[in-house]
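See below for the structure under consideration.
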Amino acid sequence: MKSTECAYLGLVASFVHPNLDDVSLAVALHALSDPARLAMIVALDAAGALNCTATVPCGAIPKSTLSNHLRILRGAGLVETRSAGREMHNTLRRADFERRFPGLLDAILANRPPP
């Protein structure tokens, strides 16, 4: 009898979260330069952890676009995504990001254009 455990494990989402020492300032600024991603950061900062669909505070966007934005935010070390059953929960890595780029996130959030 064949085990299906390995096939099932292949379906479990795994996300790459970079070591922030490997993230350049250019990558961080690129991630924070898009208004939709910046709005997502604001929502995560206010709420702590949100599932993927609740991460988008300003209306619905296609799932593929949301996934791309989250991939960019994860790649910049801003967001940690973990699987919780059928949902994906996103958390802002504020403390880690602050250690790598002191004051950057606060400066960008304080000077962002109004929604």
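Numbers at a glance
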read-out	value
Carbon/sulfur fraction of accessible area - segment 14-107, other protein chains in place, 1.4 Å, %	56 percent
In Hz, Karplus ³J(HN,Hα) per residue of segment 14-31 (6.51, -1.76, 1.60; θ = phi - 60°; x = Gly, Pro)	10, 10, 8, 10, x, 6, 5, 5, 8, 8, 7, 4, 4, 5, 5, 5, 4, 4
Cβ-defined net charge surrounding Ala39, 15 Å radius [Lys, Arg +1; Asp, Glu -1]	0
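The values are calculated or read from the model by the stated rules, or taken from the named source; none is laboratory data. It should be emphasised that the depicted structure is a prediction, and the values quoted were computed from it without experimental measurement. Cβ atoms come from the backbone with ideal geometry, glycine included; neighbour counts cover every protein chain shown. Quick note on the areas: whole protein, heavy atoms, side chains included, nothing else; ligands and nucleic acids left out. Shrake-Rupley method; radii C 1.70, N 1.55, O 1.52, S 1.80 Å.
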